[in-house]
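The values are calculated or read from the model by the stated rules, or taken from the named source; none is laboratory data. Values in this document were obtained by computation on a predicted structure and should not be read as measured data. Please note: Cβ atoms are built from the backbone with ideal geometry, for glycine as well, and neighbour counts cover all protein chains shown.
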Amino acid sequence: MKSKVLLPMVATVILAGAMFLAGCEKEKITNENNTSGVQEETALNPIVPDSSVKEKLDDFFSKWEDTVTVKFTDCINVINGMDELKKLGCDNLKIDFNKYSLIWGKVMAYHTGYSIQNRTLYYDGVNGTYHYDVILHVGDSGYGVVYGIYFWDIFPKKNYKNLVLNVKTIKS
């Protein structure tokens, strides 16, 4: 009897995890089109949500920070509607997707001494690309394990179609 109930539940969890990670693709940076030598980058400031939204998003994305990852790659994604967020399994949030976009992603860590030090979203006016820079701090020691560290930020609603993830690792 228990196996009849447990098997569909396990299948549902696996399917949800596969759908969650299906959009994870890392794009490469190419600045070869900028022949002027002038950088026209503008940093965009994230919106600080109320504490209940922040807490729920922190809890939701932290549950994915484990050693069981389907794709061992960095990724970045944009959510522009509540229905997209619900597909990931996160609902009951009050985010006005008419005004805001949720940018979330994952960077790979190779031992427990890794942490995200800084995240910044820049708009490159020369080539019309948004660059989401993640500074990953690596401590001297940590338990050897590969896992994904997830992050998120809420920004004013824009067309983030050309969004590139840049990960820089620094050591202490």
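No other residue among S51, S62 is touching a strand residue (DSSP E or B) at 6+ places or on another chain (Cβ under 9 Å), among the polar types (S, T, N, Q) and surrounded by fewer than 16 Cβ atoms within 10 Å (Cβ to Cβ) apart from S62. Residues of the stretch 125-140 include none that is in a strand (DSSP E or B), surrounded by fewer than 14 Cβ atoms within 10 Å (Cβ to Cβ) and not acidic (D, E).
Regarding N118, is this residue among the polar types (S, T, N, Q), more than 24 Å from L88 (Cβ to Cβ) and modelled with pLDDT of 90 or more? It would help to see each step written out before you state the result.
Values: among the polar types (S, T, N, Q): yes; more than 24 Å from L88 (Cβ to Cβ): yes; modelled with pLDDT of 90 or more: yes.
So N118 passes the test.
When V146 is tested against (1) in contact (Cβ under 8 Å) with a residue 40 or more places away in the chain; (2) surrounded by 14 or more Cβ atoms within 10 Å (Cβ to Cβ); (3) over 15 Å from the mean Cα position of the chain (by Cα); (4) under 20 Å from T73 (Cα atoms), only condition (2) is not met. The set of residues in the stretch 73-124 that are charged (D, E, K, R), surrounded by 14 or more Cβ atoms within 10 Å (Cβ to Cβ) and part of a loop (DSSP other than H, G, I, E, B) contains only D74. When V138, V145, V78, V134 are screened for being in contact with a Ser or Thr (Cβ under 6 Å, 6 or more places away or on another chain), modelled with pLDDT of 95 or more and of a type outside the set (S, T, Y), only V78 passes.
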